[in-house]
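What follows is a short report on a single structure.
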Ligand code: ADP
Ligand code: ZN
Ligand code: ZN
């Protein structure tokens, strides 16, 4: 970009690197506006960064220069920049990583990494290194790391790349990016209108094809794609040229916005009249649209109470006032029904930020929002950063869902950021759920949030009757009656459940079966020596996948062939224990021979639109039994589902985590909520060995308030959120000793300083630990953690920031990760 000869100035640039500071560069002329992307030299590389402000006054000599200014207009809007600053500050993350998380990848990950083999392969490679090297061995040209990672499907390959690079087996280079590509198409457009018939006769005379082409364009709204005219309608290029020569049409390249939903039919919006509860909720929130600083709303509505329609009506009113909206859904591929409802009501106003979009499609959706062509952004977590002006509403649907928390730095909680973003715009924030998070429920009780209730299902449907099947009693009865051989249900589906399913199948109704664990068997154990096959990178047992005949780590995706003998003693007496969805599927197929069964879990939904295909089949009645993990508990609305069976409610209830009970309650309540949504009514059967557990009892009784009150009491001693706030600090290293020592070191460092971080009147910051993390080893790294705990967010933030910025990690391969407001401590 050429600039007139003004004196050079200093500019402050944030880079997407794990370094807690910004960098000062020299730039020609006045500094570009904050939010503008620049290409800058960094170490021996070049990087894309964002201008975040003019540099402080000071000498320019000696500063490196910005190589290029990449935007004419800032890509980051002021609002989003403000939100990112807040996020970086609160979650103690570098501003550059916050910005990267907020933007489409094509704008931020502009450096593209390529690798190629650079030397012979030695014999001593580790298995993962070997797989990677062998994938490269067959290629002449360097391979893009991103593509390679995707095709290998073994998780992040950066550790292996680094170690191969250090050994000079591999060459690595970064290619600076081209501009994000924009797709074009050649369009023929009418340039002059012809009024009278006489005029046409005169112009076209005997050139019948020209006239036909012209009139076809008229009939298609004045424009069509050139290829369509030529290929679909058989006009010659000459005809078009002659029309051009007569000044009747123009041919030009126009930008196309890639929209994968364009081809999807939009159902007509249902014409419902709001129920009285829905109307009260809509009116209250719509009134808040006119307030300067409306408080956030908690929309607590039982499953099937019609929360989506409430959002829709609120959006309609916001749009009518010329405002825009963001709708967050937990995982967009799991919620096709919710998404299609928004598209049905608002059509082309909606940009769907689907996780299955290519980088280009995502960038296009972002540009449409930026340009004001679409005024509603619907998407998961990151839709929160949609570049919308004049925001009126931010909806967080199923606000309790754990997927709102980002698991990598910056580890933000989208629900909390939604509240912040709405506040900055004076927009109405709505958090909706049948089973609100304890935090939101607490905020509603203390008056921070305004609570609106939808206590009934719409259309007179009742909440399903929930019954417990006590697995201990079942087991005893089986033993007493001495039934040996394989009974129907194989001892996994109780007779009660089998009978209930039979009944539904006879009535041509649908059944959902939930088991929150995938694979066939949770672990493989040797009967001789008791050894369990574990992941070589994690302290996790490997899950047996029968169809693939492999053992898989569900954390790092390490895989190995299923063993035929014990890895430690060689015995062939192996037992495959702990139930997974794959096994339940097999049992269901055997038990219900004529039923059409679909399984939905991570293993059956790897394709881009796989979820939608499975759920589409259920919707069309082509599936009798839908079986799956927690995936099938989220927001689905199928009126013919009259039975939900939970195969084992105990999975997860004993996890060493303070949210284990809450998770169990939410999961049971949500999956139960899939039953009986239509006129047919519905039942739920929960198989459990813990019928007395309060999470199970509350789910059986549809008693959210009872559960929440009990859970709140449970978290009083030792104190956990919402009574206090937490920061989980994890120190990790490939060396077990080093991780432990670093954790001790960090704890000692903190103990000396904790008193200083709290200001007068602040609640003190307490330190808990250090101790090994419940998952002691992950991705090949040993993990120790310590917890910071306080009622004062300021003091807690200060302690975390000082630790991140000032504590010097010992030399070696050590990492410190901070997780503020963690969703789990595993
Ligand atoms: P929730 O998200 O609260 O579980 P949904 O928004 O999925 O509930 O609504 C449940 C069902 O009720 C949907 O099929 C929806 O179309 C229907 N519905 C919602 N509001 C009304 C209404 N006022 N009248 C009739 N049907 C409604
Ligand atoms: Zn693993
Ligand atoms: Zn053994």
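The values are calculated or read from the model by the stated rules, or taken from the named source; none is laboratory data. All values derive from a computational prediction rather than experimental measurement. With ideal geometry, Cβ positions are generated from the backbone for all residues, glycine too; neighbour counts draw on all protein chains shown.
Could you say whether any residue in region 319-334 is crowded, with 22+ Cβ neighbours inside 10 Å, more than 15 Å from ligand 1 (Cβ to nearest atom) and free of Cβ contacts under 8 Å to residues at least 60 places away in the same chain? Looking through region 319-334, at least one residue is crowded, with 22+ Cβ neighbours inside 10 Å, more than 15 Å from ligand 1 (Cβ to nearest atom) and free of Cβ contacts under 8 Å to residues at least 60 places away in the same chain. In region 385-403, the qualifying residues are those that are outside any loop (DSSP other than H, G, I, E, B) and modelled with pLDDT of 95 or more, and the one that is nearest to residue 673 (Cα to Cα) is 397.
Is one or more of the residues making up region 477-489 more than 16 Å from ligand 2 (Cβ to nearest atom) and in contact (Cβ under 8 Å) with a residue 40 or more places away in the chain? Among the residues of region 477-489, at least one is more than 16 Å from ligand 2 (Cβ to nearest atom) and in contact (Cβ under 8 Å) with a residue 40 or more places away in the chain, which makes the answer yes. Where strands (runs of 3 or more DSSP E) fall wholly inside region 16-84, the ranges with 1 or more residues that are under 26 Å from residue 425 (Cα atoms) and over 33 Å from the mean Cα position of the chain (by Cα) are 45-54.
The residues listed here are 52, 27; of these, the one that is within 28 Å of residue 369 (Cβ to Cβ), touching a residue at least 24 places away in the same chain (Cβ under 8 Å) and surrounded by 14 or more Cβ atoms within 10 Å (Cβ to Cβ) is 52.
Of all the criteria given as (1) without any contact (Cβ under 8 Å) to a residue 40 or more places away in the chain; (2) surrounded by fewer than 21 Cβ atoms within 10 Å (Cβ to Cβ); (3) in contact with a helix residue (DSSP H, G or I) (Cβ under 9 Å, 6 or more places away or on another chain), the one not satisfied by residue 737 is (3). Given the condition over 33 Å from the mean Cα position of the chain (by Cα), surrounded by 16 or more Cβ atoms within 10 Å (Cβ to Cβ) and at pLDDT 85 or above, answer yes or no: does some residue in region 460-469 qualify? Within region 460-469, one or more residues are over 33 Å from the mean Cα position of the chain (by Cα), surrounded by 16 or more Cβ atoms within 10 Å (Cβ to Cβ) and at pLDDT 85 or above. Considered as a group, the residues in region 609-636 that are surrounded by fewer than 18 Cβ atoms within 10 Å (Cβ to Cβ) and under 22 Å from the mean Cα position of the chain (by Cα) include one that is modelled with the highest pLDDT, and that residue is 616. Among the residues here, residue 538 does not qualify as under 22 Å from residue 628 (Cα atoms), at pLDDT below 85 and in a loop (DSSP other than H, G, I, E, B). Looking at region 210-227, can you tell me whether even one residue there is crowded, with 16+ Cβ neighbours inside 10 Å, over 21 Å from residue 253 (Cα atoms) and modelled with pLDDT under 80? No, there is no match, as no residue in region 210-227 is crowded, with 16+ Cβ neighbours inside 10 Å, over 21 Å from residue 253 (Cα atoms) and modelled with pLDDT under 80.
Look through 688, 664 and report the one residue that is closer than 24 Å to residue 642 by Cα and free of Cβ contacts under 8 Å to residues at least 40 places away in the same chain. Result of the check over 688, 664: 664.
The residue that is farthest from residue 734 (Cα to Cα), counting only those in region 526-546 that are within 13 Å of ligand 3 (Cβ to nearest atom) and crowded, with 20+ Cβ neighbours inside 10 Å, is 526.
The set of residues in region 5-15 that are closer than 30 Å to residue 172 by Cβ and assigned to a loop (DSSP other than H, G, I, E, B) contains only 15.
Assessment of region 599-612 against the conditions (without any contact (Cβ under 8 Å) to a residue 60 or more places away in the chain, on the phi < 0 side of the Ramachandran plot, within 16 Å of ligand 3 (Cβ to nearest atom) and assigned to a strand (DSSP E or B)) yields no matching residue.
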